[in-house]
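What follows is a single structure, written as C-alpha cells, with notes after it.
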C-alpha cells in the first residue's frame, strides 16, 4: 500500500466528494454514506463504526434535531485518527483535545457553507423548511424537492471533501497512513 502524500490533497478531496455523493444517491443514510465514501477513498475501514453510525442519520434517528449525519460521519473518521483510546481513558490531556481541534475545523466548513451543522437547519437553508423524515408523507415531500436525488448527496459529498481537506490541513496524514498500514497488515 502506497503512503498518502500531502500533494494528493486536492485529488483525494475531489474523489471523496464523488464517492460520498454516489453512496448517498444509491444507498442513503448520510452518516453511513459519508463514512463509506471516506473509507473507500482513504482505503480504511471499521465495520463497527460504520454500523454504529446508522442511528446518526437524518439528524439523529431521522428526527433532524441533532447534527447532520454527514458531519457526524466526518467527526467519527477524525476520531478514528486522533480520538482518545480506551486504554488511555483518562481526564488529563490526551488526543481528545487534538480531536476536538480538528473537529472544529470541519465544523467551520459547515458553518461557512450552511450556517449550521444541525440537520433540520441545513434542510431549511437548502430546501426551504425542515422535514420529519420518519413521517412517510414528509419524506415524500422532501424527495419531491430533490432531497435524495441531489441535495442530500451534495451535502454528503461536501462533508467527505471537507473531512479529507481537514485531515491534510490539520496534519493527520501520519495517523491516516499508520491506520492504513495497520489495517493492510491485519
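Here are a few things to note about the model shown:
- Filter pass, residue 51 being at pLDDT 95 or above, in a helix (DSSP H, G or I) and either in contact with a helix residue (DSSP H, G or I) (Cβ under 9 Å, 6 or more places away or on another chain) or within 22 Å of residue 166 (Cβ to Cβ) (or both): yes
- Residues that are closer than 14 Å to residue 64 by Cα, surrounded by 15 or more Cβ atoms within 10 Å (Cβ to Cβ) and free of Cβ contacts under 8 Å to residues at least 12 places away in the same chain within region 135-147 comprise 138, 139, listed in sequence order.
- For region 123-146, a residue qualifies if it is more than 20 Å from residue 113 (Cα to Cα) and part of a helix (DSSP H, G or I), and the qualifying residues are 136, 137, 138, 139, 140, 141, 142, 143, 144.
- Number of residues in region 50-74 that are surrounded by fewer than 22 Cβ atoms within 10 Å (Cβ to Cβ), under 12 Å from the mean Cα position of the chain (by Cα) and closer than 15 Å to residue 118 by Cβ equals 1.
- Evaluated against (1) touching a strand residue (DSSP E or B) at 6+ places or on another chain (Cβ under 7 Å); (2) surrounded by fewer than 12 Cβ atoms within 10 Å (Cβ to Cβ), residue 91 falls short on exactly one condition, (1).
- Meets criteria (in contact (Cβ under 8 Å) with a residue 12 or more places away in the chain, under 26 Å from residue 48 (Cβ atoms) and not in a helix (DSSP H, G or I)) for residue 77: no
- Residue check, residue 42 buried (at least 22 other Cβ atoms within 10 Å of the Cβ) and closer than 18 Å to residue 178 by Cα: yes
- For residue 132, the conditions (1) free of Cβ contacts under 8 Å to residues at least 12 places away in the same chain; (2) surrounded by 14 or more Cβ atoms within 10 Å (Cβ to Cβ) all hold with the exception of (1).
- Region 147-186, residues that are at pLDDT 95 or above and not in a helix (DSSP H, G or I): 170, 171, 172
- Residue within region 158-165 that is more than 18 Å from the chain's Cα centre (by Cα), surrounded by fewer than 24 Cβ atoms within 10 Å (Cβ to Cβ) and at negative phi present: no
- Test set (1) under 18 Å from residue 118 (Cα atoms); (2) out of contact with any helix residue (DSSP H, G or I) (no Cβ under 6 Å at 6 or more places or on another chain); (3) in a helix (DSSP H, G or I); (4) touching a residue at least 12 places away in the same chain (Cβ under 8 Å) - residue 101 fails condition number: (1)
- Looking across 96, 84, one residue alone is touching a helix residue (DSSP H, G or I) at 6+ places or on another chain (Cβ under 7 Å), modelled with pLDDT under 95 and on the phi < 0 side of the Ramachandran plot. It is 84.
- Residue pairs meeting the criteria (Cβ under 7 Å; at least 6 apart or on separate chains; first within 17 Å of residue 55 (Cα to Cα), in region 7-33; second in a helix (DSSP H, G or I) and at pLDDT below 95): 28/148
The values are calculated or read from the model by the stated rules, or taken from the named source; none is laboratory data. None of the values given here were measured: they were computed from a predicted structure. Cβ coordinates were reconstructed from backbone atoms using ideal geometry, including for glycine residues, and neighbour counts include every protein chain displayed.
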